[in-house]
Amino acid sequence: MDLDNMVCNCMSITKGMIKEAVDNGATTLEEVMEATGAATICGACADEVQRLTGFFASTKS
C-alpha cells in the first residue's frame, strides 16, 4: 500500500496521514475526521476513510 496516495483531495490527506491518526489512537471515522480533517468538506471520501480506519486499526500491533 502506497501511504503517499491521496484519500481526501479537499484537505490533501494521504493514506499515511490516516494511518498516523489511527496509530495515535483514532479508532472511528469521526475520530479520524477530527484528527485529520478528512471527509469534512464534501464527504466523497468518507467511505474510503472509514475503510482505511478499520484496516489500519486491525493491523495495529
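Remark: pairs (first residue in the range 1-24, in contact (Cβ under 8 Å) with a residue 40 or more places away in the chain; second residue open to solvent by less than 70 Å² (accessible area, probe 1.4 Å) and part of a loop (DSSP other than H, G, I, E, B); Cβ separation under 6 Å; 6+ apart in sequence or on different chains) = V7/C45; C8/A38; C8/C45. Confirm whether A57 is surrounded by 14 or more Cβ atoms within 10 Å (Cβ to Cβ), assigned to a helix (DSSP H, G or I) and small (G, A, S). Here the answer is yes, as A57 does meet what is asked. Being assigned to a helix (DSSP H, G or I) and over 8 Å from the mean Cα position of the chain (by Cα) is the filter here, so list the residues in the range 29-47 that pass it. Residues satisfying the conditions are E30, E31, E34, A35, A46, D47. Can you tell me which residue in the range 24-51 is most open to solvent (accessible area, probe 1.4 Å), limited to those that are among the charged types (D, E, K, R) and out of contact with any strand residue (DSSP E or B) (no Cβ under 6 Å at 6 or more places or on another chain)? Among residues in the range 24-51 that are among the charged types (D, E, K, R) and out of contact with any strand residue (DSSP E or B) (no Cβ under 6 Å at 6 or more places or on another chain), the one most open to solvent (accessible area, probe 1.4 Å) is E34.
The values are calculated or read from the model by the stated rules, or taken from the named source; none is laboratory data. Please read these numbers as outputs of a predicted model, since none were measured by experiment. Cβ coordinates were reconstructed from backbone atoms using ideal geometry, including for glycine residues, and neighbour counts include every protein chain displayed. Calculation scope for accessible area: heavy atoms of the full protein, side chains included, ligands and nucleic acids excluded. Shrake-Rupley method; radii C 1.70, N 1.55, O 1.52, S 1.80 Å.
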